[in-house]
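The values are calculated or read from the model by the stated rules, or taken from the named source; none is laboratory data. Worth saying up front: this structure is predicted, and the values here are computed from it rather than measured. As a convention, Cβ positions derive from the backbone with ideal geometry for all residues, glycine included, and neighbour counts pool all protein chains shown.
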Amino acid sequence: MKKKYVIGIIIIIILLISSATLFFWPPSFKLKGNNITLKYGQDYKEPGYTVTKFGKDYSKKVKIKDKINPKKLGTYEIIYELKLHGITYKQIRKVTITDKEKPKITLNGNQNITICPNANYTEDGYTAIDNYDGDITDKVQVKNENNKVTYQVTDSSGNTAKITRTITKEDKTKPSITLKGNQNQTIYLGTSWQEPGYTASDNCEGDITNKVVVTGSVNIKKTGSYKITYTVKDNIGNSFETYRIIKVINKPVTNNTNTNAKGVIYLTFDDGPNEGTTNVILDILKKENVKATFFVTNKGPDYLIKREYDEGHTVALHTASHDYATVYKSVDSYYNDLTQVQNRVKRITKTESKIIRFPGGSSNTVSKKYSKGIMTTLTKDVLSKGYHYFDWNIDSDDAGSAKSSSAVYNNVVRNLSKNKANIVLMHDIKTPTKDALTSIIKFGKNNGYTFAKITMDTPMVTHKVNN
């Protein structure tokens, strides 16, 4: 009886111990991924977990505690807690934030640089930025040897970046020569020509004017075009050459001092071209085999100027705008306007015209309104620039009171003379002029006159300057 009692007590104790053991038996934590390593700046994403005890899932009762800062390197703990029957169970996952990204070095200027053979490379600068440390330019180590510059930097995590700049010493750039004065110049026969001067510079050597070699000469006793050549070579052998053209011409003859021009009719037409009149005038001139001179503007179609040139007439310059307020505002304004029409003619004909007529003629007084004394200046200055200017000694008055072809005809023929060069002013934009032209030409032919176009050898007919 006593023995059975003892055994019973023992069995009860064993059952109590087993129950207590089962009660306090810890749950099973299973973490997916275990410990985790993240890149700097990478957000942590929970890979998952399960918590069970004796087959029962307690995962939803788990609370997670973490203080992960993805912007700060280090090892962090994620604590998974489960409270069960008043007892707290924990599991820890370690998350390490690391920086394995190299810094970035940015070079100012080019990575491959060419400098002059006699020069030393001057650092263009650089910056170094790290994803974690920020600006670490001050930590860059620079090494210059064998025409290579190496830049190296290491961040606080031990990541190292390296870049190389290549320095090539060579000179393939030609020197340059700048001519003083105009590249194309005109002087009169028998007058002296003085070199206006020049400068030469090289990208590596600087001023090398003293190395310029000048060849060629100007014969001031003979008309013609003369070429002066300027050549310079740097120490490497790069060579540059330019030139200047000097035209020696006869001094223009004014009015009628040249008797060879007597009895010659120079038909001149201003203000064109104009569709509907200029083309008819060209038809008449072609039929009558007469050459004329057209003082053109920037108006009208290009093809008429091309036709004037192709059919053997002289294409001369009047100004682009023929606007007195623009043309006579200043000397510079005049040349700007003249250059525009000169460029147009050159573009169309491929030749440069130097024969001009001032709007209103050289004797005009309207220019006083815009610039006092400008005609006195221009009439001298255009000659120094190689232009020849022509006025007229017969006015058809087609731009004035002559409103009919008969009036234009009479104004011309009654003023013709065998004792002078007859420079006839007409306008190819006027209908009465085109209607009178055939009769004017026939009158000239029937009365022993000859017709010619104005050239650079034609004696200038000019008016008295009034401003």
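So which residues in region 303-334 are of a type in the set (D, E, K, R) and either farther than 22 Å from Lys372 by Cα or outside the structural domain of Gly276 (by TED's automatic domain parsing) (or both)? Spell out the reasoning first.
Going residue by residue through region 303-334, those that are of a type in the set (D, E, K, R) are 306-308, 310-311, 323, 329, 332.
Answer for region 303-334, where residues must be of a type in the set (D, E, K, R) and either farther than 22 Å from Lys372 by Cα or outside the structural domain of Gly276 (by TED's automatic domain parsing) (or both): Lys306, Arg307, Glu308, Asp310, Glu311.
The number of residues in region 390-441 that are charged (D, E, K, R) and in contact with a strand residue (DSSP E or B) (Cβ under 6 Å, 6 or more places away or on another chain) comes to 3.
For region 1-50, taking the residues that are farther than 20 Å from Thr98 by Cα and polar (S, T, N, Q), the one that is modelled with the highest pLDDT is identified as Thr50. Residues that are part of a loop (DSSP other than H, G, I, E, B), free of Cβ contacts under 8 Å to residues at least 40 places away in the same chain and touching a strand residue (DSSP E or B) at 6+ places or on another chain (Cβ under 7 Å) within region 352-386 comprise Ser353, Phe358, listed in sequence order.
Yes/no matrix, rows are residues, columns are (1) more than 36 Å from the chain's Cα centre (by Cα); (2) of a type in the set (Lys, Arg):
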| residue | (1), (2) |
| --- | --- |
| Gly125 | no, no |
| Thr137 | yes, no |
| Lys180 | no, yes |
| Gln183 | no, no |
| Thr191 | yes, no |
| Asp207 | no, no |
| Asn219 | yes, no |
| Gly224 | yes, no |
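For region 380-388, indicate whether the set of residues that are of a type in the set (S, T, N, Q), under 39 Å from the mean Cα position of the chain (by Cα) and surrounded by fewer than 23 Cβ atoms within 10 Å (Cβ to Cβ) is non-empty. Yes, region 380-388 has at least one match. Which one is surrounded by the fewest Cβ atoms within 10 Å (Cβ to Cβ), of the residues in region 63-84 that are in contact with a Phe, Trp or Tyr (Cβ under 7 Å, 6 or more places away or on another chain) and not in a strand (DSSP E or B)? So the residue we want is Lys67. Number of residues in region 30-62 that are surrounded by 11 or more Cβ atoms within 10 Å (Cβ to Cβ) and either over 12 Å from Val95 (Cα atoms) or not charged (D, E, K, R) (or both): the value is 23.
Condition check ((1) surrounded by fewer than 17 Cβ atoms within 10 Å (Cβ to Cβ); (2) over 30 Å from Lys172 (Cα atoms); (3) touching a strand residue (DSSP E or B) at 6+ places or on another chain (Cβ under 8 Å); (4) of a type in the set (Phe, Trp, Tyr)) across all residues:
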position: Gln111; (1), (2), (3), (4): yes, no, yes, no
position: Ala128; (1), (2), (3), (4): no, yes, yes, no
position: Tyr151; (1), (2), (3), (4): no, no, yes, yes
position: Thr154; (1), (2), (3), (4): no, yes, yes, no
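Going by what's in this entry, would Asn112 be described as outside the structural domain of Tyr49 (by TED's automatic domain parsing) and farther than 25 Å from Tyr40 by Cα? Write out each step before concluding.
Working: outside the structural domain of Tyr49 (by TED's automatic domain parsing): yes; farther than 25 Å from Tyr40 by Cα: yes.
When the stated conditions are applied, Asn112 passes them.
Restricting attention to region 113-132 and to residues that are without any contact (Cβ under 8 Å) to a residue 40 or more places away in the chain and hydroxyl-bearing (Ser, Thr, Tyr), the residue that is nearest to Ile97 (Cα to Cα) turns out to be Thr127.
Which one is farthest from Gly224 (Cα to Cα) among residues in region 165-180 that are outside any strand (DSSP E or B) and out of contact with any Gly (no Cβ under 6 Å at 6 or more places or on another chain)?
Initial filter on region 165-180 (outside any strand (DSSP E or B)): 170-175, 180.
Now restrict to residues that are out of contact with any Gly (no Cβ under 6 Å at 6 or more places or on another chain): 170-175.
Working: Glu170: 43, Asp171: 40, Lys172: 38, Thr173: 35, Lys174: 32, Pro175: 31 Å.
Taking the candidates together, the pick is Glu170.
When restricted to residues that are acidic (Asp, Glu) and crowded, with 17+ Cβ neighbours inside 10 Å, region 318-366 contains 1.
Of the residues making up region 306-323, just one is over 16 Å from Asn336 (Cα atoms) and under 31 Å from the mean Cα position of the chain (by Cα), namely Lys306.
Restricting to region 405-442, and then to whatever is β-branched (Val, Ile, Thr) and in a strand (DSSP E or B), can you tell me which residue is surrounded by the most Cβ atoms within 10 Å (Cβ to Cβ)?
Of region 405-442, the ones β-branched (Val, Ile, Thr) are 408, 412-413, 423-424, 429, 431, 433, 438, 440-441.
If we keep only those that are in a strand (DSSP E or B) as well, we get 423-424.
Details: Ile423: 25, Val424: 23.
The residue in question is Ile423.
When Thr191, Thr164, Thr199 are checked against the criterion of being out of contact with any Pro (no Cβ under 9 Å at 6 or more places or on another chain) and modelled with pLDDT under 95, Thr191 stands alone in meeting it.
Among the listed residues Val290, Val264, Val214, which satisfies the condition of being in the same structural domain as Asp397 (by TED's automatic domain parsing) and either on the phi > 0 side of the Ramachandran plot or in contact with a Phe, Trp or Tyr (Cβ under 6 Å, 6 or more places away or on another chain) (or both)? After applying the criteria, what remains is Val290.
Of all the numbered requirements in (1) in a strand (DSSP E or B); (2) under 38 Å from the mean Cα position of the chain (by Cα); (3) within 30 Å of Asn203 (Cα to Cα), Lys143 misses one, and that requirement is (2).
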